Amino acid sequence: MSTLLVWVGVVLSLVLAASAGWHTLRNRPVILRQLLAGAVVEAYLLIQLVVVLVHPAGGGAASGLFWTYVVTQLFVLPLAATWAFAERTRWSSVVLLLGALVVAFLQLRLLQVWGQA
């Protein structure tokens, strides 16, 4: 797994988290732009999945734990975005913030787990 591939995912997730955090501090609900940014992060995660499936860098065999992280991160943002869209209060921004931070954490764990494979 490419380190650059993971760090781009971390940065995208943290940008989304910063946006959601800003809206949280201002007592505002999630707006469409944030949901679209979440869709961009999700699209990147899907691209990352395809890259890992087609060309696993490093030549090591991926463990079951690695694939668990890869698949889990694909579900976090859609669930957070659905919940945030349904909530429509300040807490919707908190939900999106937490979802984005979870994805950033899972991205970093991918690097750690891949290094152990």
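Observations
- Taken residue by residue, the range 50-62 has no member that is at pLDDT 95 or above and crowded, with 16+ Cβ neighbours inside 10 Å.
- Test: ALA37 is exposed (fewer than 14 other Cβ atoms within 10 Å of the Cβ) and either assigned to a helix (DSSP H, G or I) or touching a residue at least 12 places away in the same chain (Cβ under 8 Å) (or both): no
- Residue within the range 68-76 that is touching a residue at least 60 places away in the same chain (Cβ under 8 Å), among the hydrophobic types (A, V, I, L, M, F, W, C) and part of a helix (DSSP H, G or I) present: no
- Total residues in the range 10-34, condition surrounded by fewer than 17 Cβ atoms within 10 Å (Cβ to Cβ), closer than 20 Å to LEU108 by Cα and either out of contact with any helix residue (DSSP H, G or I) (no Cβ under 8 Å at 6 or more places or on another chain) or not hydrophobic (A, V, I, L, M, F, W, C) (or both): 2
- None of VAL94, VAL102, VAL71 is surrounded by fewer than 22 Cβ atoms within 10 Å (Cβ to Cβ), at pLDDT 90 or above and closer than 14 Å to VAL41 by Cα except VAL102.
- Filtered by the rule that a residue be in a helix (DSSP H, G or I) and within 21 Å of VAL50 (Cα to Cα), the range 1-34 gives THR3, LEU4, LEU5, VAL6, TRP7, VAL8, GLY9, VAL10, VAL11, LEU12, SER13.
The values are calculated or read from the model by the stated rules, or taken from the named source; none is laboratory data. Everything numeric here is computed off the predicted structure, so don't read it as measured data. Note that we place each Cβ from the backbone using ideal geometry, even for glycine, and neighbour counts take in every protein chain shown.
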